[in-house]
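A.B. asks: For reference, the structure I am asking about is given below.
The values are calculated or read from the model by the stated rules, or taken from the named source; none is laboratory data. The structure displayed is predicted, hence computed values, not measured ones. Reconstructed Cβ throughout: ideal geometry from the backbone, glycine too, with neighbour counts over all protein chains shown. Note: accessible area is taken over every heavy atom of the protein model, side chains too, but ligands, DNA and RNA are not part of it. Shrake-Rupley method; radii C 1.70, N 1.55, O 1.52, S 1.80 Å.
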There are 2 protein chains.
Amino acid sequence: MEIRAATDEDWAQIWPFLREIVAAGETYTWPRDVTEEQARGMWMPTPPARTVVAVDRDTVVGTAKLGPNHLGPASHIANASFMVHPDHGGRGVGRALGTHVLELARADGYRAMQFNAVVATNTAAVALWRSLGFEVIATLPEGFEHATRGFVGLHIMYRKL
Amino acid sequence: MEIRAATDEDWAQIWPFLREIVAAGETYTWPRDVTEEQARGMWMPTPPARTVVAVDRDTVVGTAKLGPNHLGPASHIANASFMVHPDHGGRGVGRALGTHVLELARADGYRAMQFNAVVATNTAAVALWRSLGFEVIATLPEGFEHATRGFVGLHIMYRKL
């Protein structure tokens, strides 16, 4: 598996599983009926933000984006988002992407990384981020309306770099 | 003083003090050299977000914007931002805007309100939001590079509606 910068050509492989993940309404704070144009704009941002893909034998098995969480005087804290192709879960793709993006963020000069919206019921993600040094610094009670579980907590997670 | 929906015509009065506040680099996580076009796009968003102005005898003395803090399954938590014209501070404009925006948010069906970035040294703002029922749910250490004080904390504040 290789992790590299995403190209315009990768989008055709990203969009189907990104759409599936967002439509499920279990982990992402995006409109469940997001259009391809909206999704592309949000997932393939302009510099200094950047997008990477994890590729296994020409198949995009996961993707992540990295950028400043705020602008101006708070632009030294990064934000990142991750999606693993559901057909390729449980094989360390998320961990590999997380480790890679933490290294990218340090190289880009960020001083910390913050996740604004980790769904509390997404226990695999919460456990992964904890194992990579993040902690839950706050939980918004009933912050996320889960497709099947109703209102659940939404974690804000953070770590220094 | 009247608080009402902002119109396109109000922008000419908003922009000079908004630019001044952002350029000072003490309270806002926007680029200090924000252009008028960027600023207008960020401060005058499209529905369901909305912008209001506080007007005193035809002078815009303050402004606020209200919208969802996230999208999709987390769009029931509001975010809001406030700016008071520096020439009209200390006269209750911020409190009046805050009270008004909390009412608007309830009317719009939001279940809670979250501020993502309240600069810890902006003690007047922190005290105002506390008095209006918000609490600091997390502080990002050194989350904001203040123009004169260096790296200071950045609060996340929250209240149910």
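A.B. asks: State to the nearest 20 debye the size of the charge dipole of region A:2-113 about its Cα centre, where the only charges are +1 on K and R beta carbons and -1 on D and E beta carbons. Let's see the in-between values first.
C.D. replies: Values: 11 positive and 14 negative charges, 95 e Å.
It works out to roughly 460 debye.
A.B. asks: While we're here: Could you run the numbers on buried accessible area between A and B, total for both chains, 1.4 angstrom probe, in Å² to the nearest 100?
C.D. replies: Working: alone 8450 and 8470 Å², together 14560 Å².
Answer for the A-B pair: about 2400 Å² buried.
A.B. asks: Have a look at B:G94, A:P47, A:L161 and report the one farthest towards the positive end of the charge dipole of the protein assembly as shown, computed about the Cα centre with Cβ charges (Lys/Arg +1, Asp/Glu -1).
C.D. replies: A:L161
A.B. asks: Oh, and also: Find the centroid of the Cα atoms in region A:112-135 and in region B:16-55, then give the distance between the two in whole Å.
C.D. replies: 31
A.B. asks: Next question, about the same structure. Determine the shielding of peptide B:20-26 by partner chains: average, over its residues, the number of Cβ atoms on other chains within 10 angstrom of each Cβ.
C.D. replies: Working: counts 0, 0, 3, 1, 1, 2, 1.
Across the residues of B:20-26, the mean count of other-chain Cβ atoms within 10 Å is 1.
A.B. asks: Under a cut-off of 26 Å between alpha-carbon atoms, report the lysines in cross-link reach of B:K65, not counting same-chain residues fewer than 8 places apart.
C.D. replies: Answer for B:K65, where 26 Å is the Cα cut-off: B:K160, listed by chain and number.
A.B. asks: Given charges of +1 on the Cβ of Lys and Arg and -1 on the Cβ of Asp and Glu, with all other atoms neutral, how large is the dipole of the protein assembly as shown about its Cα centre, in debye to the nearest 20? All intermediate terms of the calculation are to be shown ahead of the outcome.
C.D. replies: On the way: 30 positive and 34 negative charges, 207 e Å.
Dipole size: approximately 1000 debye.
A.B. asks: Would you mind listing the distances between the A:K160 label point and the same position in each other copy? Use 7 Å along Cα-to-C-beta, nm, one decimal, shortest first.
C.D. replies: Once sorted, the set of distances for A:K160 reads 3.5 nm.
A.B. asks: Now for a separate question. Which chain A residue hugs the A-B rotation axis most tightly by its Cβ, and what is that distance in angstrom, to the nearest whole number?
C.D. replies: Nearest to the symmetry axis by Cβ: A:A138, 2.
A.B. asks: Between copies, how far does the label point of A:P48 sit from its twins, in nm, shortest first, when each point is 7 Å from Cα along Cα→Cβ?
C.D. replies: Distances between equivalent label points, in nm: 3.3.
A.B. asks: Roughly speaking, to the nearest percent, how much of the protein assembly as shown's 1.4 Å accessible area is carbon and sulfur? Walk me through the intermediate numbers first.
C.D. replies: Details: 6920 of 14560 Å².
Roughly 48 percent of what the probe reaches on the protein assembly as shown is carbon or sulfur.
A.B. asks: While we're looking at this one, here's another question. Probe of 1.4 angstrom, ligands and nucleic acids ignored: what's the accessible area per residue over the protein assembly as shown, in square angstrom? Let's see the in-between values first.
C.D. replies: Details: 14560 Å² over 322 residues.
Averaged over the residues of the protein assembly as shown, the accessible area is 45 Å².
A.B. asks: Among B:109-117, A:20-28, B:47-55, A:32-40, how do they line up from the highest to the lowest mean number of other beta-carbon atoms within 10 Å? Walk me through the intermediate numbers first.
C.D. replies: Values: B:109-117: 20.2, A:20-28: 18.7, B:47-55: 17.1, A:32-40: 13.7.
Final packing ranking: B:109-117, A:20-28, B:47-55, A:32-40.
A.B. asks: What does the highest-first list of A:146-152, B:136-142 look like by mean Cβ count within 10 Å? Don't jump to the answer; show the numbers that get you there.
C.D. replies: Numbers: A:146-152: 13.3, B:136-142: 17.6.
Ranked from most to least packed, the peptides come out as B:136-142, A:146-152.
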